[in-house]
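Readers should treat all values here as calculations from the given coordinates under stated rules, not as data from a laboratory. All figures in this text were calculated on a predicted structure; none of them were measured in a lab. Cβ coordinates were reconstructed from backbone atoms using ideal geometry, including for glycine residues, and neighbour counts include every protein chain displayed.
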Amino acid sequence: MKNLSKNQELSKNTLTEFDGIVQLSNVDQITIGALDCAEKLWNNSANEGQKIKDLLEQKTMLAIEPYALALLKENKIDQDLPCLNIEQINSILQKITSQIPAQTTCYFRAGRAYLRISHEMGDVGNLFFKSLFLNILKDFGENYHLQTQENTVCAICRV
C-alpha cells in the first residue's frame, strides 16, 4: 500500500459542499439532525454557515413557490399576461397584502420604481414575498433587482 503525503490525506478526508449534500440522508426532507450532520461535514470550510443558510433558503423557496403562485391565481393574476406596468403590479400587491398583515408602498425616484412590502412574518415572510415578486416581475428581464432586510422586501425596477 502506498503511503499518502499529509496534504493528500487531508484532501482525501475533506468533503466538498456537494459531497456533504450527498451525505445527507434525504436532501428533499432536511431535518435538524441532518443539518447538524452537514455542519460537521462542512466544518473545515470558513463559510459553512452560509452554505447551510443557502441550502435552507433554496429548499424553503421551493416549498413556498406553489403557495405564491396559488395566491396569484386566486387573485386572478394570469401569469401569461404581457408585461405589467408598475401601477398594475402595485395594485396586485395591494390586493394581496390587504388579506394578510403586510403593507405595500410604491414610489418613484431617479428613474426607478420602488415596490416595498413590509410585514411581521420574519425570514419566511421575506422568502414568500421574494417568491411573489419573482413571479410577478419575471417579464421585466434584467430591469429589476430585489433587496431584503428584516421584515421588508423591496423590488427596484427601472422605468
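Applying a DSSP loop filter and a limit of 10 other Cβ atoms within 10 Å to the GluC sites (Glu not before Pro) in segment 80-158 leaves Glu120, Glu142, Glu150.
Applying a DSSP loop filter and a limit of 16 other Cβ atoms within 10 Å to the trypsin sites (Lys or Arg not before Pro) in segment 58-159 leaves Lys76. Taking each of Lys73/Lys138; Lys59/Lys95; Lys51/Lys138; Lys53/Lys73; Lys51/Lys95 in turn, the alpha-carbon distance tops 24 angstrom for Lys59/Lys95; Lys51/Lys138; Lys53/Lys73; Lys51/Lys95.
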